[in-house]
Amino acid sequence: MSRYSALALLRGALTGQRHWQPAWRDAVPKKSYDVVIIGGGGHGLATAYYLARHHGLRNIAVVEKSWIGGGNTGRNTTIVRSNYRQAPLHNFFEMALKLWEGMSDDLNFNVMFSPRGALFLGHSDSDMRQLAERGDALACDGIDAELLSRDQVAKLVPLLDMADTARFPIQGGMIQRRGGTARHDAVAWGYARAADALGVDIIQNCEVTGFSMAGGRVTGVETTRGPIGADKVGICVAGNSGHVAGLAGIRLPIEAQTLQAFVTEPVKPMIDTVIMSQSLHCYISQSDKGGIVLGGDPDQFPSYAQRGLAPRLEKTAAEAIALVPALSRLRMVRCWSGTTDMSFDGSPIISALPVDGLYLNGGWCYGGFKATPGSGLAYAQLLATGVPHPLAAGFGLDRFARGATIDEAGVGPWPQAR
Amino acid sequence: MLRIDCPHCGPRAQVEFTYERTRDSIVTLAMTPNEAMNTLYSRANPRGWDEELWRHSYGCRQWLLIRRHRTTHAIDSVTPC
Ligand SMILES: Cc1cc2nc3c(=O)[nH]c(=O)nc-3n(C[C@H](O)[C@H](O)[C@H](O)COP(=O)(O)OP(=O)(O)OC[C@H]3O[C@@H](n4cnc5c(N)ncnc54)[C@H](O)[C@@H]3O)c2cc1C
Ligand SMILES: [Zn+2]
């Protein structure tokens, strides 16, 4: 792999930029691998990269049913932050956030990580109390959290409706200044290129359709491009977790649901932070191209359709316009949806499965983009050594039976928590 | 949007209804703790047909059993329950 650099670009200028090579090989499946990762999203590609980079494995394949990064990696609203209330979550996401900070250098690929601040608005005394409590919990673990007054919020985002008569009056907020956004496609491509350089085979247009097993152990996968042998298989298919685990006869505490997002026409910079809310479910940011990116609640019934319902968009747009009235002048140019793996406590599962050699990384709900590097790192460790990463030790599948769920929203066994 | 044909109220917009859970995840009093846990916390989650409990929350408020396809969103049957 030739390194990307300003010098290489200049040198390329002398030869008409004809030096560019494909960023990864289009691999043909071999007969067998030490580890097969199912799913070429950010998480699967990061897992393969860290398996090669940290654990010295070289015989690895990532098997993707369509094109890499075409799932939720390429459909999400790219918000990156670590400011969750529960310690097992914020400590894990903080590990991931630190990896985001160095990712472009580490991968030699510009993922355009932009720590522009992740702001939660508070609309009531109770919101402010909860934000303060969350901030204290974060501070106890050394994670940055800053409680903002009403005036500070008004100064930070001048376009917010700060009137007392606003539909959602704003009392203050809490910001994580190190949070922000990143370029989603670049994350998939960056990990793919770096993993490929370490010998990982990235096999696209190859859907896993079944598992081969012998003596209660997985021995490989059946695919649309023929059988592939494997010592270990790691499922990493986001919204398709239930379907793929089902191919091995396993039922999971996960239900697939649709989450939508949409974007407006591009405009000059108007919002330079990520806006979220403690009470509403609407998140707003401005992409580098200038479009305002908006997302809200999932559709809240099971679906694999990657196609959402209009009322959800309407609700999200109504909330966004109430918060930032100027948005009412913009046209929506695109909307899309992804299939999310909603777990029953809203937290991820990085775990061995009840079939030897078979593992699961899923249940990220609609908050897994920010986890990408941490998820890959922790899953690689589990796959390579059989021992969970210490910061992911609480994400085992056994937590449901033990009553040790990590329920950030505090809503019980429902697949609609955040 | 889905149009759900409520057996009590006729065809109504999906926003009036709330999804509750799948038919096979109803916990009964006769279950052992282990059975109850598995029933409550795990799902077949098929990329195809499943039977689901919905409620006509903003209509007649009755519980309904809906057989529905999770990829095409086709509704095969809606019955009172
Ligand atoms: C609209 C939307 C907005 C979101 N916003 C945010 C956000 O702002 N911040 C945040 O942190 N998270 C967000 N998320 C969640 C985040 O996108 C996901 O949690 C995360 O991308 C999951 O990562 P992944 O790489 O595992 O998934 P994916 O990119 O979906 O990768 C899984 C891959 O598996 C492949 N696959 C599936 N079945 C098979 C099979 N049988 N064989 C082979 N391959 C298979 C799929 O094609 C897919 O490419 C959002 C999600 C959506 C849908
Ligand atoms: Zn009715």
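With the requirement that a residue be without any contact (Cβ under 8 Å) to a residue 24 or more places away in the chain and either of a type in the set (D, E, K, R) or within 15 Å of ligand 1 (Cβ to nearest atom) (or both), what does the range A:179-222 give you?
If the condition is that a residue be without any contact (Cβ under 8 Å) to a residue 24 or more places away in the chain and either of a type in the set (D, E, K, R) or within 15 Å of ligand 1 (Cβ to nearest atom) (or both), then A:S212, A:E222 are the ones that fit.
Out of all the residues in the range A:129-144, which are surrounded by 20 or more Cβ atoms within 10 Å (Cβ to Cβ) and more than 22 Å from the chain's Cα centre (by Cα)?
A:L131, A:G135, listed by residue number.
Residue under question is B:P11, and the condition is that it be within 16 Å of ligand 1 (Cβ to nearest atom) and of a type outside the set (A, V, I, L, M); does it hold?
no
For residues that are aliphatic (A, V, I, L, M) and within 26 Å of B:M37 (Cα to Cα), tally how many sit in the range A:238-294.
The total comes to 9.
Scan the range A:229-269 residue by residue and report those that are of a type in the set (G, A, S), open to solvent by 30 Å² or more (accessible area, probe 1.4 Å) and touching a strand residue (DSSP E or B) at 6+ places or on another chain (Cβ under 8 Å).
A:A238 - this is the single residue of the range A:229-269 that is of a type in the set (G, A, S), open to solvent by 30 Å² or more (accessible area, probe 1.4 Å) and touching a strand residue (DSSP E or B) at 6+ places or on another chain (Cβ under 8 Å).
Tell me, please, whether a residue that is open to solvent by less than 70 Å² (accessible area, probe 1.4 Å), in a loop (DSSP other than H, G, I, E, B) and closer than 22 Å to A:R399 by Cα can be found in the range B:62-75.
Within the range B:62-75 (the criterion being open to solvent by less than 70 Å² (accessible area, probe 1.4 Å), in a loop (DSSP other than H, G, I, E, B) and closer than 22 Å to A:R399 by Cα), the answer is no, since none of the residues qualifies.
So which residues in the range A:14-58 are surrounded by fewer than 24 Cβ atoms within 10 Å (Cβ to Cβ), assigned to a loop (DSSP other than H, G, I, E, B) and touching a residue at least 40 places away in the same chain (Cβ under 8 Å), if there are any at all?
Passing the criteria: A:A23, A:W24, A:R25, A:D26, A:A27, A:V28, A:P29, A:K30, A:K31, A:L57, A:R58.
Of A:A320, A:A326, which residue is away from chain B (no Cβ under 14 Å) and in contact with a Cys (Cβ under 8 Å, 6 or more places away or on another chain)?
When all the criteria are applied, what remains is A:A320.
Kindly provide the set of residues from the range B:32-54 that are open to solvent by 80 Å² or more (accessible area, probe 1.4 Å) and either part of a loop (DSSP other than H, G, I, E, B) or within 14 Å of ligand 2 (Cβ to nearest atom) (or both), ordered by number.
B:R47
Can you tell me which residues in the range A:187-246 are over 30 Å from A:N108 (Cβ atoms) and among the aromatic types (F, W, Y)?
Passing the criteria: only A:F211.
For the range A:48-65, what are the residues that are over 10 Å from A:V200 (Cβ atoms) and within 12 Å of ligand 1 (Cβ to nearest atom)?
Answer for the range A:48-65, where residues must be over 10 Å from A:V200 (Cβ atoms) and within 12 Å of ligand 1 (Cβ to nearest atom): A:V63, A:E64, A:K65.
Across the range A:275-305, what is the number of residues that are touching a helix residue (DSSP H, G or I) at 6+ places or on another chain (Cβ under 8 Å), within 14 Å of another protein chain (Cβ to nearest Cβ) and open to solvent by 40 Å² or more (accessible area, probe 1.4 Å)?
0
Yes or no, residue by residue, for (1) in contact with a Ser or Thr (Cβ under 8 Å, 6 or more places away or on another chain); (2) crowded, with 23+ Cβ neighbours inside 10 Å:
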position: A:L327; (1), (2): yes, no
position: A:R331; (1), (2): yes, no
position: A:W336; (1), (2): no, no
position: A:D341; (1), (2): yes, yes
position: A:S351; (1), (2): no, no
position: A:W364; (1), (2): yes, yes
position: A:Y379; (1), (2): yes, yes
position: A:D398; (1), (2): yes, no
position: A:R402; (1), (2): no, no
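Has the range B:61-73 got any residue that is within 16 Å of ligand 1 (Cβ to nearest atom), of a type in the set (V, I, T) and closer than 22 Å to A:G249 by Cα?
yes
Here is a check on your reading of the model: is A:V355 farther than 25 Å from A:E101 by Cα and open to solvent by 40 Å² or more (accessible area, probe 1.4 Å)?
In short, no.
How many residues are assigned to a strand (DSSP E or B) and facing chain A (nearest Cβ under 10 Å) if we restrict to the range B:1-24?
Residues in the range B:1-24 being assigned to a strand (DSSP E or B) and facing chain A (nearest Cβ under 10 Å): 6 in total.
Restricting the search to the range A:324-359, which residues are small (G, A, S) and away from ligand 1 (no atom under 15 Å from the Cβ)?
Of everything in the range A:324-359, those that are small (G, A, S) and away from ligand 1 (no atom under 15 Å from the Cβ) turn out to be A:A326, A:S328, A:A352, A:G357.
Is it the case, given these coordinates, that A:D272 is more than 14 Å from chain B (Cβ to nearest Cβ), open to solvent by 20 Å² or more (accessible area, probe 1.4 Å), more than 15 Å from ligand 1 (Cβ to nearest atom) and part of a helix (DSSP H, G or I)?
no
Being open to solvent by 30 Å² or more (accessible area, probe 1.4 Å) and under 18 Å from A:V200 (Cβ atoms) is the filter here; which residues of the range A:72-110 pass it?
Of everything in the range A:72-110, those that are open to solvent by 30 Å² or more (accessible area, probe 1.4 Å) and under 18 Å from A:V200 (Cβ atoms) turn out to be A:D106, A:F109.
Only residues that are within 16 Å of ligand 2 (Cβ to nearest atom) and open to solvent by less than 50 Å² (accessible area, probe 1.4 Å): list them for the range B:10-31, please.
Of everything in the range B:10-31, those that are within 16 Å of ligand 2 (Cβ to nearest atom) and open to solvent by less than 50 Å² (accessible area, probe 1.4 Å) turn out to be B:G10, B:A13, B:Q14, B:E16, B:F17, B:Y19.
The values are calculated or read from the model by the stated rules, or taken from the named source; none is laboratory data. Given the structure is predicted, the values throughout are model-derived calculations rather than measurements. Counting neighbours? That spans all protein chains shown, and the Cβs are built from the backbone with ideal geometry, glycine included. Heads up: the accessible areas ignore ligands, DNA and RNA and are worked out on the full protein's heavy atoms, side chains in. Shrake-Rupley method; radii C 1.70, N 1.55, O 1.52, S 1.80 Å.
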